[in-house]
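The values are calculated or read from the model by the stated rules, or taken from the named source; none is laboratory data. Note that the structure is predicted; figures quoted are calculated from it, not measured. Please note: Cβ atoms are built from the backbone with ideal geometry, for glycine as well, and neighbour counts cover all protein chains shown. To get the accessible areas, we keep the full protein, side chains included, count just its heavy atoms, and leave off ligands, DNA and RNA. Shrake-Rupley method; radii C 1.70, N 1.55, O 1.52, S 1.80 Å.
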Amino acid sequence: MAGVMIMVLLCLSVGTMLGVQGEDPYLFFTWNVTYGTRSPLGVPQQVILINNQFPGPNINSTSNNNIVLNVFNNLDEPFLLTWSGVQQRKNSWQDGVLGTNCPILPGTNFTYHFQVKDQIGSYIYYPTTGMHRAAGGFGGLRINSRLLIPVPYADPEDDYTVILNDWYTSSHATLRKYLDDGRSLARPTGVLINGKNAKGDGKDEPLFKMKPEKTYKYRICNAGIKNTLNFRIQGHTMKLVEMEGSHVVQNVYESLDVHVGQCFSVLVTANQAPKDYYMVASTRFNKQVLTAKGIIRYTNGKGPASPEFPEAPVGWAWSLNQFRSFRWNLTASAARPNPQGSYHYGSINITRTIKLVNSASREGGKLRYSLNGVSHVDPETPLKIAEYYGIADKVFKYNTIKDMPSAKIGKVVTQPNVLNQTFRNFVEIIFENHEKSMQSYHLDGYSFFAVAIEPGTWTPEKRKNYNLLDAVSRTTIQVFPKSWAAILLTFDNAGMWNIRSEMWEKAYLGQQLYVSVLSPELSLRDEYNIPDNALLCGKVKGLPKPKPYTI
């Protein structure tokens, strides 16, 4: 396959047996990022392509693979990609956000090199610079389980990636100008499934095909920037088997609310009459419902899809109850914090509680979004690089954000937002949403236990309602209007890690922060040195590299 090569080194000689140190396999990719013209909603517009594909190529890897990915930026703006959900163990250098990486300048390239260490599951990648995510550059990233570790279901006939997203016909540059001018984004123009929306005129090509009575795996991800999307398949149920790196109790659903940034894996059996069926994605929690559809075709199909779509649920109480039905599969073999469900997170003492309240401000006529009254801006020198070079005090201040917000959040402070976190502490984070709109948050570098989502405001007494047994370990969590969500995790991955709203206009206008997790030993046992090919910018450009960490 062009641009992809698996490196396997075998040394054999006649009559000689050699001892070979085995290394996990390497996958090599070369990606060209360009502008192109597509008409996903019938209107020609500029989109971001990767190797001329929209959405971008699917990365198909296996747990512990080493991924070497050379990105050529042929846009007219700096560009970065993040691998959302990949934990980048000891390696925040590869995270692809502006707090850890200098952007790839136009006409240049950068090679990411990371390992999908001890992970399985369904994830996405997307741009983190400007409003590029609204123009494309996103795609699926799957990490398969190694053959030695069985998954808790039979091998499917095939494995399909379904990328859902809301979509604007305005360009990413126009959307960015709206935000820079102090305006918010209006509702999207439409919704896409794998970059398309079927016309329903009988001429649509199928997105996927299924053989009768065979079972297929669908990896469903919301790569959009604003809207929760409800996904369903006409005439078929879905058995949920995995979400964001965790096998789950296998409940059956007629539809799933996929919040921004989230990924689910489901099994679908082709057990209906042989014809076409629509997969449907529609916006949730808005007065005006936008819908996209795509064709699934039985290989022996004999008719068009019915024009009658399955209805979406109404209201967010339904979605909250669906969240409560998700349970971690404690008996499944898989990459996980500790195998066979022996990781008893519910019995670990919490060492720190951080409550993050999102808010909006229009002081000075400019819209800014914040967490606990601090609205993040990216300095010219990436936070992690400044820290590594020992000049953090010249770029940002730690802990300007408080663990608990003031009773009333006053004037919003706009500055780099960095929280210092003790290495290996077990921490509780509360996301509290006082607004009337949905929220969705992602934490880079980690998976966390999503222990509760409830209406109202959080108090310590609410801990009695936490799921301390089998909450799903995942990377993204939604927060409903006038509600809160609680997560638990151990900050055991040294680096600089981004907590951000997945609502991209909110992240762009400051609703994010970074968590600095420093190992006291500054040792290679805990964190890798800055890569030799790291891009340098801002105050460190041209400086010699500091003395490297050692064991």
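Quick notes
- Proximal lysines relative to K275, as straight alpha-carbon distance under 22 Å, when same-chain residues fewer than 8 apart are discounted: K196, K199, K203, K209, K211, K214, K217, K239, K293, K302
- Overall Cα dimensions of segment 221-327, principal axis frame, Å, largest first: 38, 34, 22
- Whole-number percent relative contact order across the chain, with pairs defined as alpha carbons under 8 Å at least 6 apart: 14
- The E363 and N58 beta-carbon pair, evaluated with R₀ = 35 Å, returns a calculated FRET efficiency of approximately 0.20.
- Cα gyration tensor, segment 350-430 - rounded (a/c under 1.5), prolate or oblate: oblate
- Listed peptides 65-71, 458-464, 501-507 by packing density, highest first (mean Cβ within 10 Å): 501-507, 65-71, 458-464
- In the context of the full protein assembly, S447 retains an accessible surface of approximately 30 Å², using a probe radius of 1.4 Å and ignoring ligands and nucleic acids.
- Local electrostatic count at T351 - Lys and Arg +1, Asp and Glu -1, tallied over other residues with Cβ under 13 Å: -1
- Solvent accessible area, Å² - S306, 1.4 Å probe, full protein context: 40
- When the helices of the chain are scored as -39500 (n - 2.57) per DSSP H run of n ≥ 4 and the total is divided over every residue, the value at 222 nm lands at -1500 deg cm²/dmol.
- P(r) for the chain, from all Cα pairs and a bin width of 20 Å, is 21, 58, 20, 1 %, short bins first.
- Burial ranking of peptide ranges 132-144, 163-175 (average Cβ count within 10 Å, highest at the top): 132-144, 163-175
- For segment 112-250, the relative contact order comes to 33 percent (Cα pairs under 8 Å, sequence separation of at least 6).
- Low-density loop cleavage sites - trypsin sites (Lys or Arg not before Pro) in segment 246-313, where at most 11 other Cβ are within 10 Å (DSSP): K287, K302
- In the distance distribution for segment 344-383, Cα-Cα pairs more than 14 Å apart total 66 percent.
- Ignoring lysines fewer than eight residues from K411 along the same chain, the ones with Cα atoms less than 28 angstrom from its Cα are K177, K226, K355, K366, K384, K394, K397, K402, K436, K482, K506.
- Candidate residues W316, W83: accessible-area rank, largest first, probe 1.4 Å: W316, W83
- Using R0 = 45 Å, the C-beta based FRET efficiency linking T299 and K545 works out to 0.20.
- Segment 301-446: C-alpha gyration tensor shape, a/c 1.5 cut-off, then a/b vs b/c: oblate
- Label-reachable residues, segment 519-551, where backbone N falls under 20 Å from a point 7 Å from L105's Cα toward its Cβ: 531-545
- Order by protection proxy (mean Cβ within 10 Å, highest first), peptides 348-355, 466-473, 105-112: 466-473, 105-112, 348-355
- Cα gyration tensor, segment 9-159 - rounded (a/c under 1.5), prolate or oblate: prolate
- Of the residues D526, D24, ranked by 1.4 Å probe accessible area with the largest first, the sequence reads D24, D526.
- Percent carbon-and-sulfur accessible area, the chain, ignoring ligands, DNA and RNA, probe 1.4 Å: 52
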